[in-house]
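Okay, structure first, notes after.
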Amino acid sequence: MNSAIRNNVAVQQTAGATAQKARIRQPVKMRNVITTQAASTLQITLLDRSSLTVGPNARLTVNRFVYDPKTKSSSVGTTVVKGTLRFLSGKSARGGRNSINTPAASIGVRGTMVELAVGEDAITIGKLQAGLAMGSNVDPQTASLIVLRGPGPKAQLGEKSGIIDVTAAGKTVTITQPGIAVFVPFLGAAPSAPFQLSNGAYGGFDNMLRTTPNAGAASSQQSSNQNSNTANNSAGAENTAPGQGTEASQGGSTGNAGAGTSGSAGGTGAAGAGSGAGIGGGALGGILGALAAAGLVAVAAGGSNDSNVSDGDDNPVSP
């Protein structure tokens with residue numbers, strides 16, 4: 001269900017249906033199409049406590065969500081046509097089959113926190129990555145930037161290290177180290193060689209995926225905020241479902257490490273989700289720093305490249 005909404009977010013029950021304003025606690029179903037406007041974000045909490053944070057100017061379709069409480073297994077599938085997304089696996093998803101598709105790439109996710117940007121957002125963040133050669137053919141519609149955020153090999157409290165497999169143009173790059181990213185410049189291009197994401201590029205993701213307003217957002221976001229302030233002042237910038245926190249406080253032991261108080265277990269679906277509102281810029285930095293200290297996520301440059309390249313057969317989706 002929708003657990004946090006900032007500003008203007010719309011949901012179509014199916015492609016082609018009339019879009020309606022998203023509501024807190026509104027159920028999220030397969031084939032729902034979610035769109036966000038400028039300076040707007042949405043957080044979705046799934047039954048296994050996985051979470052999806054959708055950034056501004058984004059379009060996402062929920063392709064699949066299967067959850068079996070008896071076996072504590074789940075499978076999540078989404079398609080991101082444009083914008084930014086943060087996916088945080090729930091505990092029961094550790095053995096599940098999770099996938100995220102973009103117009104240029106397919107990402108297999110195994111027990112992890114992953115962030116990605118598609119289209120113009122991928123190019124904007126890519127320009128913050130010193131030394132990243134995007135090439136003259138980079139496509140503002142299909143370009144994709146994907147980074148593994150964690151957990152890392154030093155994960156504690158029984159957490160497994162995260163792994164993502166990025167497939168494009170028949171080539172698969174497997175990433176096992178937090179902070180390592182790949183860039184796919186256009187549909188039909190293979191993933192770039194893996195690289196360590198810079199602090200500047202991390203900041204780009206954090207600015208786009210924050211769930212509360214912050215004066216330190218990137219210049220493009222500042223412009224969007226100015227244009228939407230008048231309309232949003234009377235309604236309030238953010239809504240949060242009671243008992244539903246942001247992804248940093250709801251993801252089981254990964255989210256709770258250094259992140260504050262978790263909610264009590266109970267209820268169906270988002271049981272155990274942390275309470276409170278969205279995370280502002282300063283709090284987000286402190287939480288990610290605590291998680292990094294525990295070896296759970298990557299927030300800054302450093303570390304080694306432990307990635308492998310192999311052939312793959314997954315096909316990307318059409319934009």
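Observations on the structure shown:
- Between THR172 and SER310, ASP311, GLY312, the built amide H atoms are under 5 Å apart, and every one of these is 5 or more places off in sequence or on another chain.
- Spacing of the modelled spin labels on ARG97 and LYS72, each 7 Å from Cα toward Cβ, amounts to 2.2 nm.
- Within the full protein context, the accessible area of MET1 is estimated at about 50 Å² for a probe radius of 1.4 Å.
- On full extension, the segment bounded by MET30 and GLN141 gains 37.5 nm, given 0.36 nm per residue less the C-alpha separation.
- Filtered trypsin sites (Lys or Arg not before Pro), region 27-129: DSSP coil and at most 15 other beta carbons within 10 Å: LYS29, ARG31, LYS70, LYS72, ARG97, LYS127
- Overall form of region 10-100 per C-alpha gyration tensor (a/c, 1.5; a/b vs b/c): prolate
- Under 5 Å between amide hydrogens, built in the peptide plane, is the criterion, and for ARG149 it picks out MET113, VAL114, GLU115, GLY179 among residues at least 5 positions away or on other chains.
- The phi-based Karplus calculation (6.51 cos²θ - 1.76 cosθ + 1.60; θ = phi - 60°) puts the 3J(HN,Hα) values of region 29-41 at 10, 4, 6, 5, 10, 10, 10, 10, 9, 4, 6, 10, 9 Hz, whole numbers, x for Gly and Pro.
- Fraction of C-alpha pairs exceeding 21 angstrom in region 41-200: 42 percent, rounded to a whole number.
The values are calculated or read from the model by the stated rules, or taken from the named source; none is laboratory data. Values in this document were obtained by computation on a predicted structure and should not be read as measured data. All Cβ positions, glycine included, derive from the backbone under ideal geometry; neighbour counts span all protein chains shown. Protein only, heavy atoms only, side chains kept; ligands, DNA and RNA dropped before computing areas. Shrake-Rupley method; radii C 1.70, N 1.55, O 1.52, S 1.80 Å.
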